[in-house]
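One structure is given below, encoded as structure tokens.
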Amino acid sequence: MSDPTVFERIIDGEIPAEIVHETDSVIAFLDANPLAPGHTLVVPKEPYERLRDTPPELSAAVFEAVRELTPAIEDAVDADATTVGINDGPAAGQEVPHLHVHIVPRFEGDGGGP
Ligand code: 5GP
């Protein structure tokens, strides 16, 4: 078996994270290296590497959490909009091999974006 990823270690409580949302199947916490204030990662608790590997019910739960969290995060950091994204595979920039959705708050004129 491969070593647990950093996200499994967060889920297991072995390393600390600022958890903002949690259900039986999904957890969301602040990114340790935020691209913007409020940058949040939404992660299924079961460790599937890519979106294609993830059972449909579980990916639905992940995206429902994204849908619920996005306005709350925008309000919390007074953002104007949000970029939601997945780096789905190493060539796309995925560094942690455990599916996660980035919620990145955006601000008028911040010049970022995909
Ligand atoms: P990826 O490049 O795989 O799409 O994104 C991985 C994200 O995980 C990065 O934005 C990185 O900052 C974040 N990250 C890596 N290690 C940790 C950690 O130990 N704690 C938290 N909260 N975020 C992490």
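The values are calculated or read from the model by the stated rules, or taken from the named source; none is laboratory data. Quantities reported herein were computed from a predicted structural model and do not represent experimental measurements. Please note: Cβ atoms are built from the backbone with ideal geometry, for glycine as well, and neighbour counts cover all protein chains shown.
Structure values in brief
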{"read-out": "For Gly111: the one exception among (1) within 11 Å of the ligand (Cβ to nearest atom); (2) on the phi > 0 side of the Ramachandran plot", "value": "(1)"}
{"read-out": "Residues of region 78-105 classified as more than 16 Å from the ligand (Cβ to nearest atom) and surrounded by 14 or more Cβ atoms within 10 Å (Cβ to Cβ), total", "value": "1"}
{"read-out": "Subset tally (residues that are closer than 16 Å to Ala61 by Cβ and acidic (Asp, Glu)) for region 1-48", "value": "3"}
{"read-out": "Filter result for Thr5 (more than 16 Å from the ligand (Cβ to nearest atom) and more than 13 Å from Ile103 (Cβ to Cβ))", "value": "no"}
{"read-out": "Filter result for the condition that a residue is within 12 Å of the ligand (Cβ to nearest atom), without any contact (Cβ under 8 Å) to a residue 40 or more places away in the chain and in contact with a strand residue (DSSP E or B) (Cβ under 6 Å, 6 or more places away or on another chain), over Ile19, Ile10", "value": "Ile19"}
{"read-out": "Every residue from region 12-35 that is small (Gly, Ala, Ser), more than 12 Å from the chain's Cα centre (by Cα) and surrounded by fewer than 18 Cβ atoms within 10 Å (Cβ to Cβ)", "value": "Gly13, Ser25"}
{"read-out": "Unique residue being β-branched (Val, Ile, Thr) and touching a helix residue (DSSP H, G or I) at 6+ places or on another chain (Cβ under 8 Å) when the list is Thr83, Thr23", "value": "Thr23"}
{"read-out": "Subset of region 34-78 [under 30 Å from Ser2 (Cα atoms), among the hydrophobic types (A, V, I, L, M, F, W, C) and touching a residue at least 24 places away in the same chain (Cβ under 8 Å)]", "value": "Leu35, Leu41, Val42, Val43, Leu51, Leu58, Ala61, Val62, Phe63, Ala65, Val66"}
{"read-out": "Entirely in region 5-94, the strands (runs of 3 or more DSSP E) that have 2 or more residues that are aliphatic (A, V, I, L, M) and closer than 22 Å to Phe107 by Cβ", "value": "26-30, 40-44, 81-85"}
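Listed here are the residues, each with its yes/no results for (1) at pLDDT 95 or above; (2) touching a Lys or Arg at 6+ places or on another chain (Cβ under 7 Å).
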{"residue": "Pro71", "(1), (2)": "yes, no"}
{"residue": "Leu99", "(1), (2)": "yes, yes"}
{"residue": "Asp110", "(1), (2)": "no, no"}
{"residue": "Pro114", "(1), (2)": "no, no"}
